[in-house]
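So the structure is just underneath, and the comments pick up after that.
The values are calculated or read from the model by the stated rules, or taken from the named source; none is laboratory data. Computed from a predicted model, the values in this text were never measured in an experiment. FYI the Cβ positions are ideal-geometry reconstructions off the backbone, even for glycines, and counts take in every protein chain you see.
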Amino acid sequence: MDWSIAIMGLFVGLLVGLTGVGGAALLTPLLVLLGIQPTVAVATDLFYNSVTKLFGSFQHYRQKTINFTLTKYLAFGSIPSAVAAILLLELYPPLHSIQETIVKHTLGIVLIIVAILSIAKQWIGRLDSNRWQEKPMEEKRWMTIGIGILLGFIVGLTSIGSGSLFALAMMFFFRLGAAELVGTDIAHAFLLVSAAGLMHAGFGNIDYGLAFNLLAGSIPGVLVGSGLSAKLPAKPLRTIMAAIILISGFKLI
């Protein structure tokens, strides 16, 4: 047990529980800034996220708050795309030679985008109904798969966005209740990060000791943070967290 890593996990879990901001957007840049190789940080975070999303998926399955059709179409696009991103970096020599630089800079750019979108979401509120939301799912099948392809590639490169970017896309293009939005987002994220994590495991990129030490701290941190979240103002906290993510993004570019 490395207590310094477990305490870092506790800190991240506490912030995730308090704000609902995705753990990857906090944890991955923190690991990179602490000197962990970008590829190892991404791979370890994907494994870590897979474990945490598994428990969330079970809970939402029991609550019947998962839209399985939407989850299926997103996964049809996102999983092959994330796998392709990892294979390109690992097996295509011109990219493999600069793999760490690509991952680090892409991570920075995605963090900046996520932070800006998160701030906008907090202060604009839920998006109003639009023509895309009104269309039946079958008419949006290929668009949904396309969203999966685009965002899945980003997740494969950076581990970030399996929750935040997909949640924003679902909020804009699909009519879902609040609980169904969260449940579908978590269920799809579990499938995506598990597939990407397995690919990284095959290439030996995951630091399992680091991951389990982080989990030892983050699980109680999330529970404590979730309990405190009802007593603290959510919007200012989330805005502060988005600002921290934004600064981290600029530091990585």
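Some values worked out for this structure:
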item: Within the stretch 76-124, tally of residues that are β-branched (Val, Ile, Thr) and either touching a strand residue (DSSP E or B) at 6+ places or on another chain (Cβ under 8 Å) or more than 21 Å from residue 166 (Cα to Cα) (or both); result: 3
item: Number of positions in the stretch 164-197 that are closer than 16 Å to residue 73 by Cα and either of a type in the set (Gly, Ala, Ser) or free of Cβ contacts under 8 Å to residues at least 12 places away in the same chain (or both); result: 6
item: Failed item, numbered, when residue 33 is tested on (1) surrounded by fewer than 17 Cβ atoms within 10 Å (Cβ to Cβ); (2) of a type outside the set (Asp, Glu); (3) within 28 Å of residue 141 (Cα to Cα); (4) in contact with a helix residue (DSSP H, G or I) (Cβ under 8 Å, 6 or more places away or on another chain); result: (3)
item: Where residue 139 falls short, out of the listed (1) free of Cβ contacts under 8 Å to residues at least 24 places away in the same chain; (2) touching a helix residue (DSSP H, G or I) at 6+ places or on another chain (Cβ under 9 Å); (3) among the acidic types (Asp, Glu); result: (2)
item: Tabulated pairs, the stretch 198-225, first under 30 Å from residue 87 (Cβ atoms), second among the aromatic types (Phe, Trp, Tyr), C-beta under 6 angstrom, 6+ apart or interchain; result: 206/47; 211/47; 211/48; 214/48
item: The lone exception for residue 88 - which of (1) within 26 Å of residue 251 (Cβ to Cβ); (2) in contact (Cβ under 8 Å) with a residue 40 or more places away in the chain it fails; result: (2)
item: Qualifying residues in the stretch 211-224 (those that are aliphatic (A, V, I, L, M) and crowded, with 21+ Cβ neighbours inside 10 Å) - the one farthest from residue 50 (Cα to Cα); result: 222
item: Hits in the stretch 26-56 (condition: more than 14 Å from the chain's Cα centre (by Cα) and part of a helix (DSSP H, G or I)); result: 30, 31, 32, 33, 38, 39, 40, 55
item: Some residue of the stretch 73-88 being at pLDDT below 85 and over 16 Å from the mean Cα position of the chain (by Cα); result: no
item: Of all residues in the stretch 90-129 being within 15 Å of the chain's Cα centre (by Cα) and not hydrophobic (A, V, I, L, M, F, W, C), the one that is modelled with the lowest pLDDT; result: 118
item: Out of 32, 51, 83, 40, sole residue that is more than 16 Å from residue 103 (Cα to Cα) and either among the polar types (S, T, N, Q) or touching a residue at least 24 places away in the same chain (Cβ under 8 Å) (or both); result: 51
item: Options 65, 69: the member that is assigned to a helix (DSSP H, G or I), closer than 30 Å to residue 138 by Cβ and not hydrophobic (A, V, I, L, M, F, W, C); result: 69
